[in-house]
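The values are calculated or read from the model by the stated rules, or taken from the named source; none is laboratory data. A quick note: this is a predicted structure, and the numbers were derived from the prediction, not measured. No Cβ is skipped: glycine too gets one built from the backbone with ideal geometry, and neighbour counts run over all protein chains shown.
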Amino acid sequence: MTNNEQKEQLIDTIALLNVPGVGRGRYWRLVNRFKTPAAVLGASVTELEAVPEISHTIAVSIKNEYDREKARQIAARIIQLGWAVLYSGHPEFPKHLDNIAEKPPLLFRMGDPMGADEKMLAIVGTRHASDIGKLFAYNLATRLVEAGLVIVSGMADGIDAAAHKGALEGGGKTVAVWGTSLEIVYPPGNKKLAQKISRQGCIYSEYFPDTKPNPAFFPERNRIISGLSEGVVVVEAGRKSGALITAELALEQGRELFAVPGWPDSERSLGTNNLLKNGATPVTEAEDIFRQLPRLKSEVSAKKFKVQPDVTESEKEIISLLSSGPMQIDQLTRASGMQASALMEFLLALELKGMVQEISGKRFILSE
């Protein structure tokens with residue numbers, strides 16, 4: 001498909017989604033019948049009415065009220081912002097989302113694509129988390145990325161942010177799903193965190209540019225958080241926490257549900273403790289997750305070998321740092337005190353010598 005064809009597809013999709021009364025559910029009914037948004041927009045009122053849940057009023061709106069010029073302006077803005085535009089069937093569209101109810105007709109991304117074989121796990125919880133809850137989420141995320149998992153969350157304050165930070169500082173990848181458009185960081189205080197996530201993972205949103213925070217959008221995006229993941233861990237959640245919506249969606253989507261037990265009298269633990277009463281798997285350590293989902297465990301262990309005589313002192317220092325396990329490039333830069341450019345040269349040299357290799361999350365380990 002040429003760039004111009006891709007742009008026209010984007011315009012058609014936006015135009016159809018912006019027709020009053022056409023939401024995600026009706027969009028998919030229409031596209032499943034007519035195959036493309038362009039074909040939907042070109043269909044007659046009679047043909048449109050033959051689709052389940054498409055009333056005469058909606059059919060007339062599709063035929064007469066779609067605004068192609070407005071859609072063209074929105075598409076131009078998306079292209080200007082440089083977002084990756086993903087449709088179901090696109091090689092970079094997350095495969096797990098193909099199987100959820102009301103999958104996104106359009107998904108926008110900042111950052112690197114996630115590989116089709118990435119193992120993802122969501123960690124979510126209340127924005128009003130305790131220090132202990134945030135520390136647990138941070139440490140759990142760190143342990144999970146060391147085992148090769150990608151951590152998914154919503155970048156809200158509290159548990160979400162702690163999970164993202166644990167993944168990042170553990171040298172792994174993390175994915176944030178936003179309830180705003182990608183050029184609007186929410187909450188604004190997480191701007192630096194968002195920048196790190198886009199460099200060491202990616203951010204997804206299904207919302208068009210200039211979509212500001214709206215209470216209705218955050219429960220909507222939760223279906224993507226759970227949909228991307230093989231399981232969802234709820235760390236702290238009150239009786240009405242948004243994390244419980246993610247938990248409910250996880251069960252509807254056939255994902256594994258985990259919850260961290262909390263103090264019985266704590267308001268922050270009412271939701272998680274109720275999840276446990278209703279069958280969620282208790283989590284007090286990462287091994288609880290691996291016992292329930294053994295396919296997720298692919299431990300990366302440190303490798304040891306005899307240093308060869310042609311290794312420089314600087315290379316020996318890097319080998320020493322990596323002897324305890326995988327490290328991300330930023331961690332190696334800080335630990336070694338080297339300039340990033342020089343460090344990359346040494347790493348490349350060690351790779352060529354077969355002594356170091358790069359793995360997921362831009363991490364480096366010692367070779368066998």
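Things to note:
- Boolean, Met114 is surrounded by 15 or more Cβ atoms within 10 Å (Cβ to Cβ), closer than 26 Å to Gln200 by Cα, in contact with a His (Cβ under 9 Å, 6 or more places away or on another chain) and not assigned by TED's automatic domain parsing to the domain that holds Leu10: no
- Only one of the listed residues (Ala101, Ala137, Ala122) is within 22 Å of Glu256 (Cβ to Cβ), modelled with pLDDT under 95 and aliphatic (A, V, I, L, M). That residue is Ala101.
- Lone qualifier among Leu48, Leu81 - being within 30 Å of Ser198 (Cβ to Cβ) and not small (Gly, Ala, Ser): Leu81
- Pairing residues of the range 21-40 that are modelled with pLDDT of 95 or more with residues that are of a type in the set (D, E, K, R) and not in a loop (DSSP other than H, G, I, E, B), at Cβ distances under 7 Å and at least 6 apart in sequence or on separate chains, gives Pro37/Asp12; Ala38/Asp12.
- Ile245, sole failed condition from (1) hydrophobic (A, V, I, L, M, F, W, C); (2) in contact with a strand residue (DSSP E or B) (Cβ under 9 Å, 6 or more places away or on another chain); (3) over 24 Å from Asp330 (Cβ atoms): (2)
- Residue in the range 248-259 that is touching a Ser or Thr at 6+ places or on another chain (Cβ under 7 Å) and in a loop (DSSP other than H, G, I, E, B) present: yes
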